[in-house]
Amino acid sequence: MTDINQVEILLVEDNPNDEELTLRALRKNNIANKVIVVRDGAEALDFIFASGIYASRRVESRPKVILLDLKLPKVDGLEVLKRIKADERTSMTPVVVLTAS
């Protein structure tokens, strides 16, 4: 299991098939960075801002890049993106937006 304080790529994806496709593409292109997957917008925000179930995570250990699905349960991807970009601690974090639409 990946240490949640050493994550380089945060994949925010609720569809298991799209998750597997993304992880396979990373492996195929020899991207061996540490990846953690969260499955909804609320969990993504908890992870990024070290709250909720991730309250024990070091908030300063942010992912180097976020792969963000737009269509997510609980909190949609656009809201997650707005919150990331509105916070000075995370506003410079690169976010790649993904969607199957």
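FYI, it's all coordinate maths here, none of it is from the lab. This structure is a prediction, so every number in the text was calculated from the model and none was measured. Neighbour counts are summed over all protein chains in view; Cβ atoms, including those assigned to glycine, are modelled from backbone coordinates with ideal geometry.
To the nearest 0.05, how large is the calculated FRET efficiency for ALA25 and LYS82 if R₀ is 25 Å and r is the Cβ-Cβ distance? Walk me through the numbers before you get to the answer.
Values: r = 27 Å, r/R0 = 1.07.
Computed FRET efficiency for ALA25 and LYS82: 0.40.
Fully extending the segment from LYS71 to ALA55, taken as 0.36 nm per residue of separation minus the present Cα-Cα distance, adds 3.3 nm.
Rg to Rh ratio, the chain, alpha-carbon atoms and Kirkwood radius? Here the Rg-to-Rh quotient is 0.93. Annotation for the range 1-77: trypsin sites (Lys or Arg not before Pro) lying in DSSP loop with at most 11 further Cβ atoms inside 10 Å of their Cβ are ARG58. Overall, the chain carries a charge dipole of about 300 debye about its Cα centre when +1 sits on the Cβ of Lys and Arg and -1 on the Cβ of Asp and Glu, all other atoms neutral. Ignoring the sites themselves, what is the longest stretch of the chain with no GluC sites (Glu not before Pro) in a DSSP loop and at most 16 other beta-carbon atoms within 10 Å? Between the exposed loop sites, the longest stretch runs 9-59. In the chain, taking the dipole from charged Cβ atoms about the Cα centre, the farthest positive-side position among VAL37, PHE49, THR93 is held by THR93. For the range 8-25, putting each phi into the Karplus relation 6.51 cos²θ - 1.76 cosθ + 1.60 with θ = phi - 60° gives couplings of 9, 10, 9, 9, 10, 8, 8, 9, x, 5, 5, 4, 4, 4, 5, 5, 5, 4 Hz, in residue order, rounded to whole numbers and with x for Gly and Pro. In order along the range 37-52, the Karplus-derived 3J(HN,Hα) couplings, from 6.51 cos²θ - 1.76 cosθ + 1.60 at θ = phi - 60°, round to 10, 10, 10, 7, x, 5, 5, 4, 5, 4, 5, 4, 9, 6, 10, x Hz, and Gly and Pro are given as x. Within straight-line reach of LYS85, meaning a Cα separation under 28 Å, sit the following lysines at least 8 residues removed in sequence or on another chain: LYS34, LYS64, LYS71, LYS74.
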